[in-house]
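Novice: Before we start, here is the structure in question, set down as structure tokens.
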Amino acid sequence: MDTWKFLRAALLFAMAFCALAAQAQSLRPFAQQHRAAKAEAVTYLFPEQWTVAAGKPVWVALHFRVAPGLHINSHTPADDFLIPTTFSIPAGAGVRLLDASYPAGTITVLAADPGTKLSVYAGEFILRVRIEAAAGNHLVEGKLRYQACDNNQCMPAETAVAVLDVIGR
């Protein structure tokens with residue numbers, strides 16, 4: 001009798017394990033798609049090198065691309081609860097961010113909520129930043145913080161790295 005109980009419990013355990021494995025397998029494409037969208041939602045384009053006069057402010061253009069099917073909130077989103085797109089340069093990098101000129105967002109309305117207007121960036125956009133470099137060669141990781149969304153949901157805020165190669169002379 002104990003043998004039958006053991007075999008029955010083992011069979012139920014095996015069936016439950018197979019069901020969980022099948023469920024995990026069916027979720028794998030979604031998880032891979034979500035990771036790919038998250039990792040590639042915004043890409044920094046055209047990394048270049050700038051030679052600037054040390055200690056003198058200069059404006060430079062940074063080019064970004066939002067992945068197809070996604071948008072990110074603009075720097076001035078329509079609602080306070082939305083995460084704005086912002087750019088920063090870490091302190092002590094040899095290059096200071098003095099100012100940033102963000103493009104105007106495109107006003108869009110989602111089919112799921114036609115009463116709400118959003119200010120977003122989609123496709124390619126240019127961010128102009130005013131920087132000042134100390135003398136020397138500086139390889140700086142600027143950071144674009146954004147929240148990517150599709151037409152149904154928003155993902156957690158992420159950061160795209162923009163490597164700036166600045167020579168101060």
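Novice: Where the second residue is at pLDDT below 95 and of a type in the set (Lys, Arg) and the first is over 11 Å from Pro57 (Cβ atoms) and lies in region 92-107, which pairs have Cβ atoms under 9 Å and are six or more apart or on separate chains?
Specialist: So the pair list comes out as Ile107/Lys117.
Novice: Based on this model, can you work out whether Ala78 counts as assigned by TED's automatic domain parsing to the domain that holds Ala134 and modelled with pLDDT of 90 or more?
Specialist: So Ala78 does not fit the description; no.
Novice: If I ask for residues that are surrounded by 19 or more Cβ atoms within 10 Å (Cβ to Cβ) and in contact with a helix residue (DSSP H, G or I) (Cβ under 8 Å, 6 or more places away or on another chain), which ones from region 114-169 would you list?
Specialist: The one that is surrounded by 19 or more Cβ atoms within 10 Å (Cβ to Cβ) and in contact with a helix residue (DSSP H, G or I) (Cβ under 8 Å, 6 or more places away or on another chain): Ala148.
Novice: Continuing with this model, one more query. Report whether or not Asp99 is assigned to a strand (DSSP E or B), at negative phi, surrounded by fewer than 12 Cβ atoms within 10 Å (Cβ to Cβ) and of a type in the set (D, E, K, R).
Specialist: The answer is yes for Asp99.
Novice: Looking at region 122-142, is at least one residue touching a Cys at 6+ places or on another chain (Cβ under 9 Å) and either assigned to a strand (DSSP E or B) or closer than 22 Å to Leu82 by Cα (or both)?
Specialist: For region 122-142, residues touching a Cys at 6+ places or on another chain (Cβ under 9 Å) and either assigned to a strand (DSSP E or B) or closer than 22 Å to Leu82 by Cα (or both): absent.
Novice: Check region 63-73 and report whether any residue there is in contact with a His (Cβ under 9 Å, 6 or more places away or on another chain) and crowded, with 19+ Cβ neighbours inside 10 Å.
Specialist: Scanning region 63-73 turns up no residue that is in contact with a His (Cβ under 9 Å, 6 or more places away or on another chain) and crowded, with 19+ Cβ neighbours inside 10 Å.
Novice: Quick check on Thr108: is it part of a strand (DSSP E or B), among the hydroxyl-bearing types (Ser, Thr, Tyr) and exposed (fewer than 13 other Cβ atoms within 10 Å of the Cβ)?
Specialist: no
The values are calculated or read from the model by the stated rules, or taken from the named source; none is laboratory data. Treat the numbers as computed from the prediction; the structure is a model and nothing was measured. No Cβ is skipped: glycine too gets one built from the backbone with ideal geometry, and neighbour counts run over all protein chains shown.
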